[in-house]
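The values are calculated or read from the model by the stated rules, or taken from the named source; none is laboratory data. All values derive from a computational prediction rather than experimental measurement. When we count neighbours, we look across all protein chains shown, and the Cβ atoms used for this are built from the backbone with ideal geometry, even at glycine. To get the accessible areas, we keep the full protein, side chains included, count just its heavy atoms, and leave off ligands, DNA and RNA. Shrake-Rupley method; radii C 1.70, N 1.55, O 1.52, S 1.80 Å.
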Amino acid sequence: MKLLLIADIHANYEALQTVLKVPHDRVICLGDIVDYGPDPDKCIDLLQKEGIPTIRGNHDNAVAFKMDCQCGYKYKHLSIATREYTWGVLDDSRMEYLQKLPLVLKEEIDGKRLFLTHASPRSMFEYIKPETPDEKILEMLAEPMEPMDAEFLVVGHSHIPLNRKLGDLTIINPGSVGQPRDGDTRAGCAVFDTETGKVKLLRLEYDIEAVCAKIEKRMPNADELTAILRRGS
């Protein structure tokens, strides 16, 4: 089975449409559908229409429950500013959808055991990045939100693609669909081959300028938001 992994859409509908065109058998979304982008409603509707299992990210949580997103200081003011916009766009049914999203998904496919969550096994706020020390990750693994018996840990949150071995565990981050932060402006996703256990990290061109035009027309802090998309960081 070809399992398409997506994360950190951040209301970027054009990028979401693009990654969903990647050939696949199933899709799982690792959360953060909303904030920063112009189309949180369209992104939620598309995920629901396609029946895509989705995890609640810290931004989904902040929008749904009007809580602090506990995101990085560099972009926190933008998440706060765009949250007001997001609340104005989402109706009650879409807010309820965000509220009901799970924190963890567990899958066993073709004998491969996967533990999928937004950020780290113990928190929706912690980052696992390429430079995160093994010891720090082991601390996270020792205190999971739910019992964890998996060969593959699949996370998002950092907006940086990752395919890393830690002992018998493989850690996968597909990167960000709608808000890349690694200097590459293209939409990120990954395809996990459940038969072989191999991961293919993908980057795809999409119509950034169409998204930027909507941000400029509708949203606060438009100059900063569009600059992030155009530099990929």
- Task: Just give me the residues in the range 140-150 being surrounded by 14 or more Cβ atoms within 10 Å (Cβ to Cβ), part of a helix (DSSP H, G or I) and either without any contact (Cβ under 8 Å) to a residue 24 or more places away in the chain or not hydrophobic (A, V, I, L, M, F, W, C) (or both), in sequence order.
- Result: M140
- Item | Residues satisfying the stated conditions in the range 66-109, i.e. hydrophobic (A, V, I, L, M, F, W, C) and within 27 Å of R122 (Cα to Cα) | M67, C69, C71, L78, I80, M95, L98, L101, L103, V104, L105, I109
- Query: Can you name every residue in the range 104-119 that is open to solvent by 60 Å² or more (accessible area, probe 1.4 Å) and in a loop (DSSP other than H, G, I, E, B)?
  - Reply: D110
- Message: Take the conditions over 19 Å from D39 (Cα atoms), modelled with pLDDT of 95 or more, of a type outside the set (S, T, Y) and more than 14 Å from the chain's Cα centre (by Cα) and apply them to R164. Does it pass?
- Response: yes
- Test: residue in the range 166-181 that is in a helix (DSSP H, G or I), open to solvent by less than 40 Å² (accessible area, probe 1.4 Å) and within 17 Å of I55 (Cα to Cα): no
- Note on the structure: Restricting attention to the range 22-47, the residues that are farther than 23 Å from L103 by Cβ, charged (D, E, K, R) and touching a residue at least 60 places away in the same chain (Cβ under 8 Å) number exactly 1
- Query: Can you name the residue in the range 12-53 that is polar (S, T, N, Q) and either outside any loop (DSSP other than H, G, I, E, B) or out of contact with any strand residue (DSSP E or B) (no Cβ under 9 Å at 6 or more places or on another chain) (or both) and is also most open to solvent (accessible area, probe 1.4 Å) among such residues?
  - Reply: Q48
